[in-house]
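What follows is a single structure, written as structure tokens, with notes after it.
The values are calculated or read from the model by the stated rules, or taken from the named source; none is laboratory data. Computed from a prediction, not measured in an experiment: that's the story for all the values here. Cβ placement follows ideal geometry from the backbone for every residue including glycine, while neighbour counts extend to all protein chains displayed. All accessible areas refer to the heavy atoms of the entire protein, side chains included, with ligands and DNA or RNA removed. Shrake-Rupley method; radii C 1.70, N 1.55, O 1.52, S 1.80 Å.
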Amino acid sequence: MEVYLDNSATTRCFDEVAQLMYKIMCEDYGNPSSMHHKGVEAEQYLRYAKETLAKLLKVNEKEILFTSGGTESDNIALIGTAMANHRRGRHLITTRIEHPAILQPMAYLENQGFKVTYLPVDHEGRISLSDLEQAIRPDTILVSIMHTNNEIGTVEPIAEAGALIKRVNPQTLFHVDAVQGFGKFRIYPSKMQVDMLSVSGHKIHGPKGAGFLYIREGAKVSPIIYGGGQQKGMRSGTENVPGIAGLAKAAELVYENLDEDMDRMYGLREVLIQGVENIEGIRVNGCPGRQGAAHIVSLSVRGIRSEVLLHALEEKGIYVSAGSACASNKPQTSATLKAIGVGKDLLDSTIRFSISVFTTAEEIRYTIQALEETIPMLRRYVRH
């Protein structure tokens, strides 16, 4: 039996997405910048994608900027905002549990002379709004807070943070990395007072290499890629038409039965958590019940290194992650786990299960059984 429980790393494409992309690559393959019929055909797919995504977010079509995925969207949001607003201020705010696609650009900007405040989180991974309020200064040009944590599934109070930021300093721009939240929650940037929002296609059963950045009209953001002037000069380079159309189709499909799908996924998540709670030496990280995301379960397993357990489960056909698979395939200590107070003895003993709309109850039961058999067996071989 094969059980894929690494959906926060990437997802299987919907069949309809793959079929649409194949048609575009093999039939409607024109360059959207070309003036002939083939180019017009390609350009129509871009228009369809903008209309679809704008409708889902309840924003204007011209506020959608297509990118290669979450990492590029985050980089444009952070570096582009810093470049465009540095005369007004050089202070930025983020959290200690962000994805490397946020933390690394922040480190880069610190090297360029910007000051960054890193907000702490509680033991469930949530920021304090009072900490955020105290951190905002007159020279704060950007706050970046993720919607859903990619390792432990914690959902941040984005709407409350947006309202607070605009009350304390209306000129401060608010960016949200929604790579793990889009397709799992209904997200409306205007209502939440979010100025920029990053999304990636391959997390929602779309293709890799396609994503978008919502940029509120009027927000000052400079391009970081120059060339042919596509997308009104904000992101030069021939648009990835198959990827963009596939991303939009996936978004359309994932929101079609969102409430029912999330109810079922929350149920599977609860079955998994309850199934492992009787196994000795297991800690569940993140928020309980529906306070967290439906698709992520983080478990710290005392006495067993995450890589060892990962490969033991792999031998049984179960695929999971050691922490976050998005950073790289090299083992590294998780900043998120450290930030929520996971002990040193568990930092290298944490694995992440992430489910999807394709996950079945049978697969979850099989995984619980595998853990019940595997963990005691591996512990017998641990040297004390």
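List every residue pair whose Cβ atoms lie under 7 Å apart, where the two residues are 6 or more positions apart in sequence or sit on different chains, the first residue falls within the stretch 264-279 and is farther than 18 Å from S356 by Cα, and the second residue, located anywhere, is assigned to a helix (DSSP H, G or I) and not acidic (D, E).
Qualifying pairs under 7 Å: G275/I368; V276/I368; V276/L371; I279/L371; I279/I375.
Does L65 satisfy being within 13 Å of L213 (Cα to Cα) and hydrophobic (A, V, I, L, M, F, W, C)? If you could, list the steps in order and put the result at the bottom.
Values: within 13 Å of L213 (Cα to Cα): yes; hydrophobic (A, V, I, L, M, F, W, C): yes.
Yes: the conditions hold for L65.
Taking the conditions exactly as written (in contact with a Ser or Thr (Cβ under 8 Å, 6 or more places away or on another chain), open to solvent by 10 Å² or more (accessible area, probe 1.4 Å) and assigned to a helix (DSSP H, G or I)), does L103 satisfy them or not? Explain how you work it out, then say what you get.
Numbers: in contact with a Ser or Thr (Cβ under 8 Å, 6 or more places away or on another chain): yes; open to solvent by 10 Å² or more (accessible area, probe 1.4 Å): yes; assigned to a helix (DSSP H, G or I): yes.
It is true that L103 is in contact with a Ser or Thr (Cβ under 8 Å, 6 or more places away or on another chain), open to solvent by 10 Å² or more (accessible area, probe 1.4 Å) and assigned to a helix (DSSP H, G or I).
Which pairs turn up if I take residues in the stretch 155-166 that are in contact (Cβ under 8 Å) with a residue 12 or more places away in the chain and look for partners that are part of a strand (DSSP E or B) with beta carbon separation below 7 Å, at least 6 apart in sequence or on another chain?
If the second residue must be part of a strand (DSSP E or B), the pairs left are V155/T148; V155/G292; E156/I127; I158/V176; G162/F174; I165/V143; I165/F174.
Of the residues in the stretch 6-58, how many are part of a helix (DSSP H, G or I), open to solvent by less than 60 Å² (accessible area, probe 1.4 Å) and within 11 Å of P242 (Cα to Cα)?
Residues flagged as part of a helix (DSSP H, G or I), open to solvent by less than 60 Å² (accessible area, probe 1.4 Å) and within 11 Å of P242 (Cα to Cα) within the stretch 6-58 amount to 9.
Would you say L109 is at pLDDT 95 or above, assigned to a helix (DSSP H, G or I) and open to solvent by less than 50 Å² (accessible area, probe 1.4 Å)?
Details: at pLDDT 95 or above: yes; assigned to a helix (DSSP H, G or I): yes; open to solvent by less than 50 Å² (accessible area, probe 1.4 Å): yes.
Here the answer is yes, as L109 does meet what is asked.
Any residue in the stretch 207-215 that is in a loop (DSSP other than H, G, I, E, B), surrounded by 18 or more Cβ atoms within 10 Å (Cβ to Cβ), in contact with a strand residue (DSSP E or B) (Cβ under 8 Å, 6 or more places away or on another chain) and touching a residue at least 60 places away in the same chain (Cβ under 8 Å)?
Yes, that holds for at least one residue.
Look at G243 and say whether it is part of a helix (DSSP H, G or I), open to solvent by less than 60 Å² (accessible area, probe 1.4 Å), out of contact with any helix residue (DSSP H, G or I) (no Cβ under 6 Å at 6 or more places or on another chain) and more than 23 Å from C13 (Cβ to Cβ). Reasoning before the result, please.
Working: part of a helix (DSSP H, G or I): yes; open to solvent by less than 60 Å² (accessible area, probe 1.4 Å): yes; out of contact with any helix residue (DSSP H, G or I) (no Cβ under 6 Å at 6 or more places or on another chain): yes; more than 23 Å from C13 (Cβ to Cβ): no.
No: the conditions fail for G243.
Being among the basic types (K, R) and either outside any loop (DSSP other than H, G, I, E, B) or surrounded by fewer than 17 Cβ atoms within 10 Å (Cβ to Cβ) (or both) is the requirement here; does R235 meet it?
Values: among the basic types (K, R): yes; either outside any loop (DSSP other than H, G, I, E, B) or surrounded by fewer than 17 Cβ atoms within 10 Å (Cβ to Cβ) (or both): no.
No.
Select the strands (runs of 3 or more DSSP E) contained entirely in the stretch 281-381, then report the ones holding at least 3 residues which are buried (at least 23 other Cβ atoms within 10 Å of the Cβ).
Values: elements: 282-285, 296-301, 350-354.
Correct list: 296-301, 350-354.
Please state which of the following conditions D177 fails to meet, knowing it meets all the rest: (1) acidic (D, E); (2) free of Cβ contacts under 8 Å to residues at least 12 places away in the same chain; (3) open to solvent by less than 30 Å² (accessible area, probe 1.4 Å).
Failing condition for D177: (2).
If you go through the stretch 132-146 one residue at a time, do you hit one that is farther than 20 Å from D195 by Cβ, in contact with a strand residue (DSSP E or B) (Cβ under 9 Å, 6 or more places away or on another chain) and either in a strand (DSSP E or B) or among the small types (G, A, S) (or both)?
Our first condition is that a residue be farther than 20 Å from D195 by Cβ; within the stretch 132-146, this holds for 134.
When the remaining residues are screened for being in contact with a strand residue (DSSP E or B) (Cβ under 9 Å, 6 or more places away or on another chain), the result is none.
Looking through the stretch 132-146, none of the residues is farther than 20 Å from D195 by Cβ, in contact with a strand residue (DSSP E or B) (Cβ under 9 Å, 6 or more places away or on another chain) and either in a strand (DSSP E or B) or among the small types (G, A, S) (or both).
For Y226, indicate whether it is touching a helix residue (DSSP H, G or I) at 6+ places or on another chain (Cβ under 7 Å) and among the aromatic types (F, W, Y). Break it down stepwise before answering.
Numbers: touching a helix residue (DSSP H, G or I) at 6+ places or on another chain (Cβ under 7 Å): no; among the aromatic types (F, W, Y): yes.
Spelling it out, it is not the case that Y226 is touching a helix residue (DSSP H, G or I) at 6+ places or on another chain (Cβ under 7 Å) and among the aromatic types (F, W, Y).
Tell me which residues, restricted to the stretch 185-203, are crowded, with 24+ Cβ neighbours inside 10 Å and in a loop (DSSP other than H, G, I, E, B).
V194, D195
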